[in-house]
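The values are calculated or read from the model by the stated rules, or taken from the named source; none is laboratory data. Everything numeric in this text was worked out from a predicted model, so none of it was measured. Backbone-built Cβ (ideal geometry, glycine too); neighbour counts: all protein chains shown. Heads up: the accessible areas ignore ligands, DNA and RNA and are worked out on the full protein's heavy atoms, side chains in. Shrake-Rupley method; radii C 1.70, N 1.55, O 1.52, S 1.80 Å.
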Amino acid sequence: MSEAHAGRPVPLPKRGTTPVLPDTRRVAPAVSPADAAAADEALRDIRGRIDWTNVKGLLAASRDGLVVCSDTRDVEDDSVAAMAATAVGLAIQFTKQAGVGAPRAAMFEGESGHVGVFPVQSGILLVVLGERDTTMGLFNVAARQALSLFQQAVAERRVRALRDVSSSAGHEEDPSWPA
């Protein structure tokens, strides 16, 4: 007769001695207003330089799942931003378990298109939505082109903002201050 049948409670199993690994996700604070403005300007700037035959929309989201800015149609931006943050969290765990290093993207292929989620900087994700009749290979190329253009445009705006701050602080005459 088992202990449970003898009227005595059976203790719950205890957790093993598997070491608890620290969470590798770097949870950034909410996106700053300056970064949100830079992302919005960058998205507008690259709109004319994207291959829209393979891409049907772009959305910048914070790592906590909030919409920063978007250029989409027929999409629930808030839901997509939340799912993008979830996808990145899953990708971090998945690639860690698979032993392939930190994720560079999370890509999904559906019946009517593609979705790619890319980390841009500490707190921003870029979501690229692909057209229905695009192959995954063409979408991958177009999405990474959009990512590259977006990263470059955000970086240019951040540099410009730093220069504006340094010039307003009187560093423009200081030769030791980086230009």
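Residues A87, A42, A36: which one is over 22 Å from R157 (Cβ atoms) and open to solvent by less than 70 Å² (accessible area, probe 1.4 Å)?
So the residue among A87, A42, A36 that is over 22 Å from R157 (Cβ atoms) and open to solvent by less than 70 Å² (accessible area, probe 1.4 Å) is A87.
For the stretch 105-122, indicate whether the set of residues that are assigned to a loop (DSSP other than H, G, I, E, B) and under 18 Å from Q151 (Cα atoms) is non-empty.
Yes; the residues of the stretch 105-122 include at least one that is assigned to a loop (DSSP other than H, G, I, E, B) and under 18 Å from Q151 (Cα atoms).
Among the residues of the stretch 97-118, is there at least one that is in contact (Cβ under 8 Å) with a residue 12 or more places away in the chain, farther than 18 Å from D40 by Cβ and among the polar types (S, T, N, Q)?
Checked the stretch 97-118: at least one residue is in contact (Cβ under 8 Å) with a residue 12 or more places away in the chain, farther than 18 Å from D40 by Cβ and among the polar types (S, T, N, Q).
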